[in-house]
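The block underneath contains the structure these notes are about, expressed in structure tokens.
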Amino acid sequence: MLNIPLQHKGTNMPTTKVCAYCSSTFTEPYQYMQRQFCSRTCNMMARKKANTKFPQTVEKVCEYCGKLFNVSHKKVRQGDGRFCSMSCRAHIAPLKSWKRRFFARIQKPPELNACWIWVGTFTHYGYGSLSVNGHIKLAHRLSYEIHVGPIPEGLFVCHRCPTGEDKRCVNPDHLYVGKAQDNVNDKVRENHQAHIPKKLTADDVQEIRLLYRTGSSQRRIAELFSVSHRTIGAIIHGKTWKHIP
């Protein structure tokens, strides 16, 4: 038995209509249907055309070559549509300011004349590094170029930090240009200061635990007291100085 749908009287006659968007004719199977468009595509295009608040395309000027081009309004609202082509975008990408990324990776303590600690990536030798136009640059050399000026050819940027922070410091007041022997002398002094034992007192232990409870990191506390990170961890977790509350 065929399953024939019920049809209301007077509504089963097909009618011919004209699409309100593309002006093509289409057949309406039932008279009661009030469609104005022949397809969903025409319906969508008509809605976009009627939306005068947000036009389909906007004329923009390329930020690299200065050429006029049309871009969709949606991309403009999303912050895109700055370049006329992928080629122009690839040319402008290396020109993005690396100084903003540089200063975002510096931790400046409130103390006067303190070391500016680099918190970005590091090289195998412990020096801060930053990618600039596809090349890896040392952070302390970049700091010298930004605050002082170009580095003479064949010379090194050396540290003279009062606390012996050296490698991670990018404070321009702690940097100077020197020869290869000056750089070697800095490394010898740094290694000597790193191996000088620091004897902590009971007051130091209490202060260490207080700093840790108030949010200071173990690395920062170790720098303040000139001890290793393991020493601070043992004090905080009660493995050493157990008699000190």
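The values are calculated or read from the model by the stated rules, or taken from the named source; none is laboratory data. These figures come from a predicted structure and were not determined experimentally. Note that we place each Cβ from the backbone using ideal geometry, even for glycine, and neighbour counts take in every protein chain shown.
Listing for the model above:
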item: Conditions (1) at pLDDT 85 or above; (2) exposed (fewer than 10 other Cβ atoms within 10 Å of the Cβ); (3) not assigned by TED's automatic domain parsing to the domain that holds LEU175: number failed by PHE69; result: (2)
item: Filter result (of a type in the set (A, V, I, L, M) and in contact with a helix residue (DSSP H, G or I) (Cβ under 9 Å, 6 or more places away or on another chain)) within the stretch 14-28; result: ALA20
item: Residue match in the stretch 129-149 (condition: assigned to a loop (DSSP other than H, G, I, E, B), modelled with pLDDT of 85 or more and surrounded by fewer than 16 Cβ atoms within 10 Å (Cβ to Cβ)); result: yes
item: Residue check, PRO55 touching a helix residue (DSSP H, G or I) at 6+ places or on another chain (Cβ under 6 Å) and either modelled with pLDDT under 80 or at positive phi (or both); result: yes
item: Pairs, first under 12 Å from SER131 (Cα atoms) in the stretch 80-102, second at pLDDT below 75, C-beta under 8 Å, six or more apart; result: PRO94/GLY134
item: Residue in the stretch 91-125 that is farthest from the chain's Cα centre (by Cα), counting only those that are modelled with pLDDT of 80 or more and small (Gly, Ala, Ser); result: ALA114
